[in-house]
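Every number in this text was worked out from the coordinates using simple rules, so none of it is lab data. Treat the numbers as computed from the prediction; the structure is a model and nothing was measured. Note that each Cβ is placed from the backbone with ideal geometry, even for glycine, and that neighbours are counted across all protein chains shown.
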Amino acid sequence: MSVMASSAPAASRGLNPRAVRMIEAILIPIGALVVSALLFSIFLILLGKSPAQFFNLIWVGGFGSAFSIQNTLQRSAPLILTGLAFAIPARIGLTLLGAEGALVLGGFTAAAIAIPLVTGGWPAFIGLPIMAATAMATGAAWIGIAGWLRHYRGVNETISSLLLGYIAIAIMNFFVEGALRDPGSANKPSTMPIGDAYRVGPIPGTSVHWGLAAGIILAVLLYILMTRTTFGFAARMTGGNVRAAQAQGLPVGFLVVACCAIAGACAGLAGFYEVAAVHGQANASLVAGYGFTGILVAFLARQNPLAVVPVAIMFGALAAAGGLVQRRMGMPDATVLVLQGIIFVVLLVSETFYGRIPFLQPKTGERT
């Protein structure tokens, strides 16, 4: 009687499938970062610049002092929220690129609803929650449209969410440059300032606004939702096989729209903090690319809500160090965007290595 030892799982090496997936989720992203750094170093050498100096400046600009660390965390706050906005739909098998639009539209509606609240004399402890709820509801509805179109009309969610993002930016520009424009904003069209009373202050002892704390709390809650609840199990099952989920009687349409709405709410909340904690009004500064960088954050975090936090901090450090690189090396501030682009491409290529790392695969068996 003969058997094939090759039918044995990777446990023949002392590893169970869950451990293999965990090791891959750590090794492959780290490997992608190393390869990206090498490729970018070649790019710098061709320009006659020092890779060692560049990466040292990234460290100094991102984590070299208390000011640098707080600057990094400040820039990380919206990246955590937009990273979650990509990660949650990805768990159900959707690729949404609309976080930028949801952030912009959420921030704009938060600023717009603040105008009658401020003029009406509403206290900040009532007005700020209304602004935040409005931003989240707007983002949830906006991205929820893409989910509804995907499930009920078969419209590709990647294309629809991207187009909805551009429409959201156009809507903001229409009102900011028209009916809701502050007459005092001559150089940059903006809504009326929300006022100091409606500004979200920093976390005590720091210069970092409360959006960072909100992002971390949401990351923990969404991790629990997606890994420890029946909703999360149903979402993962739907992402693995829609037909199997439907055969089991799962409410696939609800799950798709709900995950998209959660994503939009996260991005909308990021927009609220950009208005209430950073800019004080809605204008073109809301279109800062956080929604697109959040895609890269979620990719590197493997759509794990908890992993989104440290990855977002890493990319926040890149953004914080951009000015230092410009001053010390005489390179454009956008140099870090080139590095981000290389990381994204390498990450896409690295996806092909999952399940193919030789030393993690089961040994080839022999007939006995």
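Annotation for the stretch 73-112 versus the stretch 117-194: alpha-carbon center distance of 12 Å. Computed about the Cα centre, the dipole magnitude for the stretch 68-330 is approximately 580 debye when only Lys and Arg (+1) and Asp and Glu (-1) carry charge, each at its Cβ. Look at the alpha carbon pairs under 8 Å that are at least 6 residues apart: their mean separation over the length of the chain gives a relative contact order of 37 percent.
Near the amide H of residue 209, within less than 5 Å, lie the amide hydrogens of 203, all on another chain or at least 5 residues away, with H placed in the peptide plane. A cut-off of 5 Å between modelled amide H atoms, ignoring neighbours fewer than 5 places along the same chain, links residue 92 with no other residue. Calculated [222 nm] ellipticity per residue, helices only, for the chain: -23000 deg cm²/dmol; basis is -39500 (n - 2.57) per DSSP H run with n ≥ 4, divided by all residues, nearest 500.
In terms of the mean number of neighbouring beta-carbon atoms within 10 Å, the peptides 107-118, 17-28 order highest first as 107-118, 17-28.
Farthest toward the positive end of the dipole of the stretch 68-330, out of 273, 175, 165, is the Cα of 165, where the dipole comes from beta carbon charges about the Cα centre.
The charge dipole of the stretch 112-247, taken about its Cα centre with unit charges on the Cβ of Lys, Arg, Asp and Glu (plus for the first two, minus for the last two), comes to roughly 460 debye.
Hey, fewest Cβ within 10 Å first, where do 49, 188 land in order? Intermediate values should be presented prior to the final figure.
On the way: 49 17, 188 11.
In increasing order of surrounding Cβ atoms, one gets 188, 49.
Dipole of the stretch 68-330 computed with +1 at Lys/Arg Cβ and -1 at Asp/Glu Cβ about the Cα centre; of 123, 97, 209, farthest Cα towards the positive end is 97.
For 100, 177, 351, what ranking results if the residue with the fewest other Cβ atoms within 10 Å of its Cβ goes first? Before the final figure, lay out each step's value.
Details: 100 30, 177 14, 351 11.
Ordered by Cβ neighbours within 10 Å, fewest first: 351, 177, 100.
Cα-based values for the chain, radius of gyration first and Dmax second, are 22.7, 88 Å. Each of 264, 357, 227 was scored by the projection of its Cα onto the charge dipole of the chain, and the greatest displacement toward the positive side belongs to 357; charges sit on the C-beta of Lys, Arg, Asp and Glu.
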